[in-house]
Amino acid sequence: MTVDEPTLVVAAVILDGRRVLAAQRAEPPELAGGWEFPGGKVDEGESEHAALIRECREELGVEIAVGARVGGEWELSAGYVMHAYLASLSVGEPVAKEHLALRWLEPEEYFAVNWLGADLPVMAAVADLLAQD
């Protein structure tokens, strides 16, 4: 019996100085209204960086530069794991194409939104990282 590998999801922690971009989920219904980092599934044969660039282009209409990975594997729902990467905008301004809303969070607002369960520890790790700079 073989155990299926979990589906890999990538997330972009887009920074503008110390501001962090948060995106409010539109779907599925059980996640709608919660806040997350933009991103999505890595397609077969696609690198994690390429998936992040593609997802940000599709979801936000921007080009990003992908930086360092944040933490290890972040557990999502059954059968999914997430890798989060720091990123910066290289072209364009984010537009909510697939989300209900976007919001730039200042350091004092990092935890002012209702982060989804998997994204909350990522935000905590990013906050710690940015506090060291």
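Read-outs throughout are calculated quantities, based only on the coordinates presented, and are distinct from any laboratory measurement. Fair warning: this is a prediction, and the values are worked out from it, not measured in the lab. Cβ: placed from backbone, ideal geometry, glycine included. Neighbour counts: every protein chain shown.
In table form, for the structure just shown:
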read-out	value
Sole residue being surrounded by fewer than 18 Cβ atoms within 10 Å (Cβ to Cβ), on the phi > 0 side of the Ramachandran plot and in contact (Cβ under 8 Å) with a residue 60 or more places away in the chain, chosen from G71, G79, G61	G79
Tally, over region 8-54, of residues that are out of contact with any Asp or Glu (no Cβ under 9 Å at 6 or more places or on another chain) and among the β-branched types (V, I, T)	3
